[in-house]
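Student: Take this structure, written in C-alpha cells, and hold onto it; I'll ask about it next.
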Amino acid sequence: MPLRAPRRLLLLQHLLLLDFASAIITDVAGSPLEHPATFSSTASEFNISLTLQRYLYSGPNGLQQYTRAFNGELAGPTIRLKPGDTLHLTLTNSLESELFDTSTLHNQIKDFDVTNVHTHDLHIHGNAPGDSIFTEVHPGESYTYTYNIPSNHQGGTFWYHPHHHGSTAIQAGGGAAGMIIVEDDPTLLPATIAQLPELILVMAHLDMPTLRNIALTYETNCRNAGGTAAQCDENTWSDGPVSGTQINVVLINGMYQPVLQMAANRWYRWRMVFAAVNAVLEPSIPGCEVKLLAKDGVYLSSAPRDITAGYMVPGNRADWIVRCPAGTHELSSADIGGGKGGGGVAFTQLLATVEATDQGDAECSLPTFSIKRPCFLVDLRNAAVQQTVTFDLGPAPQINGVTFESKTTYAASIPMMILWMSPFSQPTPPHGDLYNPLCRVMVWFITLRLFIMSRLW
C-alpha cells in the first residue's frame, strides 16, 4: 500500500511558530481593523515568499480550532504589483505529510497535504512556472512561480489561494487566501478617485461544520483506498483543541466584527474579496453612501455607480467607494434579495462596525468616468460569435457527461469570440481570463453565480 513518512518535525514547527505568534486580535469583537501584512513592488522584478502552515484559530468565547493559513495569519499578505512587474513568488509547504498516499483518488477529496497557489484574474500565463493550477507542492517542498505582469495590465483588486485538485476547499475555505492589487496608472483615473484612502477587507467565511464534513469525507476516501484508520486520521482536526468545530463566522482580515475607523464625510475606497466554500454575502451599510467602482478587478464601464447593497459569492471581489456621516454604522450581510441571485440565502451576520468621527471634512461629490481599457477587456457584447460552447455541469463531477481528466487541453485560436452557454447558475470560469456576461450592464466577471441577470451590481 502507498505510504508516506510522517513529518513530526513540521508539527513541532507549527506549535513553535504559529500557535502563539498571531499578531492580529481574533478572539474578541470590536478591535480596530488591522490590515494584513503587505508585499509591495519596489522594483520591476522582485521576490516574495509564502508559507502554507497549520494555524490555530482562536475565536470568540474561547473557541479554538486548527485550520490552514499563509504566513501565520488567516488573511495572507497583500501583494501590491505594478503593470510591467515580474514577480517571483516562492511557495513553501509546511503542512504535515499524509500517512497514506491518496493521490490516486481522482476527482475525490484527497491530497490534504498538497498545495499550490492560483491567482484570480491576473492576465498572465497559465503554464508553469506561471499561474498553473496543475503545479504540486508537497510537504517540505518549495516552488517558485514567475508572474510576468503585462505592461498594459489594468489596475484592480485580485486575489490568490491554493488550488490543488482535491484539497482546494479545505485549504482556501479554511482561510488560506490573500489579496493582490495591481496599482492604477494615476493618469487614467480622475485625481479624486486615484487619491482616495483605502481599506483592505479580506472577508473569509470560516465554516467549520462544512470543513469538518470535508475532512470526514477525506478520511472515508482514504480508508476506501486501503489506508488504516490511524493512517487516514486527518490531523488538522484530530490534534489539539476541537472546541471550535461549530464555528461559522465571516471574518475580516482574520478578525471577528472589527471596527473600521473613518473620517466622517470623507470618501474611502474599500477593496474587498470574499473567500468561502459555499456561501453568499449581501453586504450593506445603512446610513452611509456606497458606490460601486469595480467588480472582480475590472472598473465599471461608467464608474462609480450608486448601490444600496452588494452581492458576493465565493471568489468575488468588489471595490466600493464609501462615505459615512458622523456616528456608528453597521456593515452587515442579510438576505436582502431573498436568495433570488442563484446562490441561495445570503449569510446573515454583523460583519463590522464603522465609526465615523468628525474631522472637519466638507462633503464633496465624485466624478463619473469611463476608464481606457486594455485590449483584453474590450466590450464583447456586439462582437461576432465565432464559436459556441454549450455545456451542462453534471452529473457531478462531470461536464456534459464527461469526467474531468487533469491537463486535458482544448485548443482555441486567439483572438476568438467564444460564447459559453450554460443553464446553471454558476458558469465555470476559464482560469486566467475574465469573461463578459451578456446582460444589460457591461460588467466583467471571473466568478458569476446568478439566475437573474438583473441582480448584477
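Every number here is computed from the coordinates shown, using simple stated rules; none is lab data. Keep in mind that this is a model prediction, so the values were computed, not measured. For neighbour counting, all protein chains shown are included, and Cβ atoms are generated from backbone atoms with ideal geometry for every residue, glycine included.
Student: Please report the net charge: other residues with Cβ closer than 9 Å to the Cβ of Ser301, K and R +1, D and E -1.
Tutor: My count for the surroundings of Ser301 gives 0.
Student: Ok, one more. Rounding to the nearest 20 debye, state how big the charge dipole of the stretch 155-277 is about its Cα centre with +1 on each Lys and Arg Cβ and -1 on each Asp and Glu Cβ. Can you show the working numbers first?
Tutor: On the way: 5 positive and 9 negative charges, 51 e Å.
Charge dipole, the stretch 155-277, about its Cα centre: 240 debye, nearest 20.
Student: Moving on. With the crude spin-label approximation of a point 7 Å out along Cα→Cβ, what separation in nm comes out for Asn107 versus Ala362?
Tutor: About 6.5 nm, to one decimal.
Student: Is the stretch 33-109 best put as rounded, prolate or oblate by its Cα gyration tensor, with a ≥ b ≥ c the root eigenvalues, rounded for a/c under 1.5, and otherwise prolate when a/b is larger than b/c, oblate when not?
Tutor: Cα axes put the stretch 33-109 in the oblate bin.
Student: How far apart, in nanometres, would the label points at Thr144 and Gln387 be if each is projected 7 angstrom from Cα along the Cα-to-Cβ direction?
Tutor: 3.5
Student: Modelling each spin label as a point 7 Å along the Cα-to-Cβ direction, I'd like the Glu405/Asn213 distance in nm, to one decimal.
Tutor: So the label points at Glu405 and Asn213 sit 3.2 nm apart.
Student: Right, another one. Tally Lys and Arg at +1 and Asp and Glu at -1 over the other residues with C-beta under 10 Å from the C-beta of Gly166: what net charge comes out? Show your work: numbers first, answer last.
Tutor: Values: positive: Lys110; negative: Asp111.
In short, 0.
Student: Is the C-alpha gyration tensor of the stretch 128-218 telling us rounded, prolate or oblate? Criteria: a/c under 1.5 is rounded; beyond that, a/b larger than b/c is prolate, otherwise oblate. Before the final figure, lay out the partial values.
Tutor: On the way: a/c = 3.76, a/b = 1.63, b/c = 2.31.
Note, shape of the stretch 128-218 comes out oblate.
Student: Now, a different point. For Arg305 and Thr38, calculate 0.36 nm times their separation in residues minus their Cα-Cα distance, and state this gained length in nm to one decimal.
Tutor: Working it through step by step, the gained length comes to 93.2 nm.
Student: Go through 63-70, 306-313 and give me the packing order, highest mean Cβ count within 10 Å leading.
Tutor: 63-70, 306-313
Student: Oh, and also: Taking the number of other C-beta atoms within 10 Å as the exposure measure, put Asp101, Asp361 in order starting with the fewest.
Tutor: Asp361, Asp101
Student: Size of the dipole of the stretch 18-152 about the Cα centre, Lys and Arg at +1 and Asp and Glu at -1 on the beta carbon, nothing else charged, in debye to 20?
Tutor: Dipole size: approximately 300 debye.
Student: With the Cα gyration tensor of the stretch 224-378 giving a ≥ b ≥ c as the square roots of its eigenvalues, does the rule (a/c under 1.5 for rounded; else a/b larger than b/c for prolate; else oblate) give rounded, prolate or oblate?
Tutor: Verdict is prolate for the stretch 224-378.
Student: Sticking with this one: Can you compute the label reach from Thr228? Point 7 Å from Cα along the Cβ direction, backbone N cut-off under 12 Å, restricted to the stretch 94-114.
Tutor: Residues 100 fall inside that zone.
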